[in-house]
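Heads up, the thing below is written out as structure tokens.
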Amino acid sequence: MLTGVIFDLDGTLGDTLPVCFAAFRKVFDDYLGETYTDAEIRAMFGPTEEGILEARIPVDGAESLASYLSAYRRAHHLAPKPFAGMTDLLDELGRRDIPLAVVTGKRPHSAAVSLDAWGLDSRFTHVAAGGSNGNIKDRNMAQVISDWGVEASGVVSVGDAPSDVTAARTVGLRPVGAAWASTAERDRLEPLEPEIIFDDVGGFSHWLLAE
């Protein structure tokens, strides 16, 4: 029985990785005079934006983070809407009183920008952000389940990154792979053997609502 759903944000709720890449590229170019590829920026992911910036830019962290957030807002036209079908899925889960949460590696500021831009900021009981020094998704997932007071084995966790699968499995959730973004890397999800991997939101929605 489905007792809750935890969503990753980037690449799962919406195609925001191009926004992240554009914002990081702008900040790195402004502060370092260096241009990074999407692949090079993606390889930095794990810590939050704040942690990534502090590790590479020799200025006050608050300054570089403010610059990043400004660039992130300006670049959000690259992801103007959540993935097609996602809002309908969230609506139906809400009608069924299934608790919903977001557990992301992003910091609260950028997560709030995206959720507000998509009109999804009131859909979730929790929006749990990442840690500045590394991945804390398993800890955040465990806290969400504790707050909900439900059995972990009934909660589906859906995300596009290997870290989403491993974190969910650590906590005892049902890991599902999201491979529907333009930046999806299905070949990195498959070796971790999530319960199932979907290439489109429609397939995930049909499967989830049948649970």
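The values are calculated or read from the model by the stated rules, or taken from the named source; none is laboratory data. Nothing here was measured: the structure is a model prediction, and the numbers come from that model. Cβ coordinates were reconstructed from backbone atoms using ideal geometry, including for glycine residues, and neighbour counts include every protein chain displayed. Heavy atoms of the whole protein, side chains included, go into the accessibility calculation; ligands, DNA and RNA do not. Shrake-Rupley method; radii C 1.70, N 1.55, O 1.52, S 1.80 Å.
Given a 1.4 Å probe, how much area per residue of the range 114-206 is accessible, in Å²? Present the calculation step by step, with values, prior to reporting the outcome.
Details: 4200 Å² over 93 residues.
Value returned for the range 114-206: 45 Å² of accessible area per residue.
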Starting from the Cα of Ala55, step 7 Å along the direction of its Cβ; do the same at Glu185; then give the gap between the two resulting points in nm.
1.4
Under 5 Å between amide hydrogens, which residues at least 5 positions from Ile196 or on another chain qualify, with H placed 1.01 Å from N in the peptide plane?
Gly177
In nanometres, the difference between 0.36 nm per residue of separation and the alpha-carbon distance of Ala43 and Glu63 is 4.9 nm
With the range 54-128 reduced to its Cα atoms and the Debye formula applied, log10 I(q)/I(0) at q = 0.19, 0.21, 0.23 1/Å amounts to -0.87, -0.99, -1.11
When the label point is put 7 Å from the Cα of Ala210 along its Cα-to-beta-carbon vector, which residues of the range 76-105 have a backbone N closer than 13 Å?
none
Rounded to the nearest 500, what is the 222 nm mean residue ellipticity of the chain from helices alone, with -39500 (n - 2.57) per DSSP H run of 4+ residues and division by all residues?
-13500 deg cm²/dmol
Return the Cα extents of the range 148-211 along principal axes one, two and three, sorted largest first, each rounded to a whole Å.
35, 24, 17
Suppose the Debye formula is applied to equal point scatterers at every Cα of the range 7-82; what is log10 I(q)/I(0) at q = 0.18, 0.20, 0.22, 0.23 Å⁻¹?
-0.69, -0.85, -1.02, -1.10
Using only the heavy atoms of the protein chains and a 1.4 Å probe, how would Thr37, Thr87, Thr183, Thr16 rank by accessible area, largest first?
Thr37, Thr87, Thr183, Thr16
What does the accessible area per residue of the range 49-96 come to in Å², with a 1.4 Å probe and no ligands, DNA or RNA counted?
52
Among Ser163, Ser110, Ser122, which one shows the biggest mean-square fluctuation in a GNM of the chain, springs joining Cα atoms closer than 10 Å?
Ser122
Here the tail fraction of P(r) beyond 11 Å, over all Cα-Cα pairs of the range 35-74, rounds in percent to 65
Taking N as the number of residues in the chain, what value does Rg over Cα atoms divided by 2.2 N^0.38 Å take?
0.99
For the range 102-211, just list the percent of Cα-Cα distances falling in each 5 Å bin from zero outward, please.
2, 12, 20, 22, 25, 15, 3, 0
Protein accessible area in the range 1-98, 1.4 Å probe - carbon and sulfur %:
51
Remind me, relative contact order of the range 1-67 in percent, using alpha carbon pairs under 8 angstrom and six or more residues apart?
20
Who wins for biggest fluctuation among Pro175, Pro82, Pro108 in a Gaussian network model of the chain, springs between alpha carbons below 10 Å?
Pro108
I want to verify a result. In a Gaussian network model of the chain, Cα cutoff 10 Å, which of these has the top mean-square fluctuation: Gly177, Gly85, Gly105?
Gly85
If I stretch the segment between Lys81 and Thr125 completely, what's the gain in nm (0.36 nm per residue apart, minus their alpha carbon distance), one decimal?
13.8 nm
